[in-house]
Amino acid sequence: MITLETPLSAIHGIGQKFLVKLKKMGISSVRDLLWHFPTRYEDFSQVYKIADLIPNQEATIQGMVEEVSGRRAWRRNLYVTEVVIRDDSGSIRAVWFNQPYIKNTLQPGRIANFSGKVSEKEDIYLSNPTYELVREAYETKHTARIVPVYPETKGLTSKGIRYLIKPVLDHLPQLEDPLPRALLSREHLPDINLALHSIHFPLELPEALRAKERFAFEDLFFLQLFNVKQKLALTEQRAPSFPVDLPFIKDLLLHLPFPLTFSQKRSLWEILKDTARATPMNRLLQGDVGSGKTVVVAIAALHAAHHGYQAALMAPTEILARQHYETFKKFFGEFEGGVALVTGHDAKVFYGNNLETIKKKKELLKEVKDGAIEIIVGTHALLQSDVTFRSLGFIIIDEQHRFGVEQRAVLVKKREAIPHFLSMSATPIPRTLSLTLFGDLDLSLITELPKDRKPIITKTVTQKERATTYEFVRKQANAGRQIFVICPRIEPRQANPDAPERFSFRELQQLDVKSVTEEYEKLSKKVFPDLRIVMLHGKMKAIEKERVMKEFMERRVDLLVSTSVVEVGVDVPNATIMIIEGADRFGLAQLYQFRGRVGRGVHQSYCFLFTDSSSETARARLKAIVEARNGLELAERDLRQRGPGEFFGNSQTGIPDLAMKALRHPELVKEARAEAIRILKEDLKLKKYPLLSKRLAEFQTEVHRE
């Protein structure tokens, strides 16, 4: 008997050739195959008479094969198969390229359906149509119906995938639906068996779309079920309580060289109220680049230390960890509880009153274990087994989406009681995505920049204006300012002149994309030979990247040519110019992040968006970044324009494809979350829902949630 877990290698009729192709697509079991959903559908449900066909039409005809012929075209590697098809209204040719085996299938006298595009050259003909022999009592799979089109691989077309799915689906026993019947009824969704048939072989297009919605809802529902379950489970846990000490907080604020903005104060108060409770805080602090998140979390960490607990702040890079450490030194220099920096290369402690000591890592970690150091700032080094805390009560993760769940769990385990947990992010994430990815977190927003910050002057630069812009850049460099230049690629892409047809149109477009290496050569040798220029990209070794950034931060470099590795966590107040090559190829949210790398000091800053694109859409997007003053608003716009997959820049979000597409529809996220809350409030441990509980456990192992 076939089950969802049955390996495809055990199914009669699926040969080794197909198994290799399927494995390449990550398909090895019946479940993998049936959950390989179509990306779109072609409507060939209406069967036309040959006499009624018109050029450029997508159509299905049914007729008898009258003639079959094959010949080699003038290009040696091109074989042309032609078939003449006739019905009671007339006849038409069908043409295929490099498919000589068709002659063996479509023999004269056979009746078949043909679905495809009607082309015209002297007379009309069918170009490369899908064909299917007509047999009594057999349902068609490829023609005369709504036909699914799947993600394909070389040697395995949608027709081949349909050929594999149909018999498997027909012989699969009825599945138990993990979604409760009452939930399906409330949401007007089909059960799993009907949905599987409808998504692969629908009779009507609305039926297919409803099935897609069901599976998208299911993915979102399980994401929300996981998030809400985590959140509700926390309310049953105990955490250390830090009652709000207002005199202590006011004293810290009085010693700052600047007043906090309203949203900084609001976010700080939300954090302090959470940590005052005896249940663990689980909060996300989100704010634009340079909005002052570090000062807020530093005050909260000092408040935890004031109550006798240790705080750990973990950053994704050594550069960012050092910046946080320097913030503590700069703004809270009188703190005597000990702030340590622990990275792969650093081990030092600041004891307050300008007393800083470089230590052996082993000695420093002993002080952490003994509780002599109250605040520890570090990178992944804090996750190592030799790092233990005496009384860890507060964990802060910066750019938390760059750490896996497992990594964060390691820190949480290093405690006697569950510590309070605060995430930080400068990446503006639209509310729909935030609710989906981080639905187990409460949200605090810093929506303003410090009052002394000057707005960054942003301008789109065409090819004609490039020379003038370079002159302005040189003047800024001669005045002591520094410059970022961001490029989309690391190395120039080389086309193969002997086989240009092997490149897709999109790949050909990418051939002219600016690269870091060629831009570095051009700027250092031709444009600015008098300036100190360095190059930075993700393929460099970590120690090399650290060296380059250190030189730039210490003003030993005038201009840094880089890929998007500078997008997060680089603070160089003296940098006043951000140049972005091929700006139209980046997302709005990413451009906003780049721009936030400048404008962090006292000098006026500029962002130049270099583009050669004449596309109205591209120019409209760049106009949005020129006018943007709020990252969150811009991120929402980016999500609407490009979709969730492009918003993140890749597919490694951990959210299944269907759910990613569903995020364009916030109402589906809200419905999924509402259903998750309804069920878990009634039954947190899902004892009444064994199928739901089992599927949730499977879902958590399937989804890579980073």
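So here's what we get for this one:
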| quantity | calculated |
| --- | --- |
| Qualifying position, being in the same structural domain as Leu164 (by TED's automatic domain parsing) and more than 27 Å from Leu203 (Cα to Cα), among Thr39, Thr6 | Thr6 |
| Those residues of the stretch 534-560 which are in a helix (DSSP H, G or I), surrounded by 14 or more Cβ atoms within 10 Å (Cβ to Cβ) and not charged (D, E, K, R), in sequence order | Val548, Met549, Phe552, Met553 |
| Positions within the stretch 133-169 being assigned to a strand (DSSP E or B) and either within 21 Å of Leu205 (Cα to Cα) or polar (S, T, N, Q) (or both), in sequence order | Ile146, Val147, Pro148, Val149, Thr153 |
| Test for Ala195: is it in the same structural domain as Glu675 (by TED's automatic domain parsing), under 27 Å from Ile146 (Cα atoms), of a type outside the set (Phe, Trp, Tyr) and modelled with pLDDT under 95 | no |
| Test: residue in the stretch 512-526 that is under 24 Å from the mean Cα position of the chain (by Cα), modelled with pLDDT under 80, assigned by TED's automatic domain parsing to the domain that holds Ser614 and in a loop (DSSP other than H, G, I, E, B) | yes |
| Residue match in the stretch 108-122 (condition: farther than 21 Å from Phe18 by Cα and free of Cβ contacts under 8 Å to residues at least 24 places away in the same chain) | yes |
| Hits in the stretch 134-179 (condition: more than 25 Å from Ser9 (Cα to Cα) and in contact with a helix residue (DSSP H, G or I) (Cβ under 7 Å, 6 or more places away or on another chain)) | Ile146, Asp177, Pro178, Leu179 |
| Helices (runs of 4 or more DSSP H) (entirely within the stretch 178-279) containing at least 1 residues that are among the small types (Gly, Ala, Ser) and touching a residue at least 60 places away in the same chain (Cβ under 8 Å) | 205-234, 262-276 |
| Meets criteria (surrounded by 12 or more Cβ atoms within 10 Å (Cβ to Cβ), more than 41 Å from the chain's Cα centre (by Cα) and either in a loop (DSSP other than H, G, I, E, B) or at positive phi (or both)) for Pro38 | no |
| Residue list for the stretch 275-291, restricted to those being crowded, with 24+ Cβ neighbours inside 10 Å and among the small types (Gly, Ala, Ser) | Gly287, Ser291 |
| In the stretch 8-35, residue farthest from Lys154 (Cα to Cα) [restricted to those that are over 30 Å from the mean Cα position of the chain (by Cα) and not in a loop (DSSP other than H, G, I, E, B)] | Ala10 |
| Some residue of the stretch 110-124 being aromatic (Phe, Trp, Tyr) and surrounded by fewer than 20 Cβ atoms within 10 Å (Cβ to Cβ) | no |
| Criterion: touching a Phe, Trp or Tyr at 6+ places or on another chain (Cβ under 8 Å), touching a residue at least 60 places away in the same chain (Cβ under 8 Å) and among the aliphatic types (A, V, I, L, M) - qualifying residue of Leu302, Leu285 | Leu302 |
| Lone qualifier among Ala635, Ala697, Ala659 - being of a type in the set (Gly, Ala, Ser), at pLDDT 60 or above, part of a helix (DSSP H, G or I) and surrounded by 14 or more Cβ atoms within 10 Å (Cβ to Cβ) | Ala635 |
| Scan of the stretch 364-403 for residues that are more than 16 Å from Gly338 (Cα to Cα) and among the aliphatic types (A, V, I, L, M), ordered by number | Ala381, Leu382, Leu383, Val387, Ile395, Ile396, Ile397 |
| Candidate set from the stretch 416-442 (those that are assigned to a strand (DSSP E or B) and crowded, with 17+ Cβ neighbours inside 10 Å); member that is modelled with the lowest pLDDT | Ser425 |
| Leading residue by the ranking (surrounded by the fewest Cβ atoms within 10 Å (Cβ to Cβ)) among those in the stretch 563-601 that are without any contact (Cβ under 8 Å) to a residue 60 or more places away in the chain and closer than 16 Å to Leu449 by Cβ | Pro573 |
| Of residues in the stretch 78-102 being part of a loop (DSSP other than H, G, I, E, B) and in contact (Cβ under 8 Å) with a residue 12 or more places away in the chain, the one surrounded by the fewest Cβ atoms within 10 Å (Cβ to Cβ) | Asp88 |
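The values are calculated or read from the model by the stated rules, or taken from the named source; none is laboratory data. None of the values given here were measured: they were computed from a predicted structure. In this analysis, Cβ positions are derived from the backbone assuming ideal geometry, glycine residues included, and neighbour counts consider all displayed protein chains.
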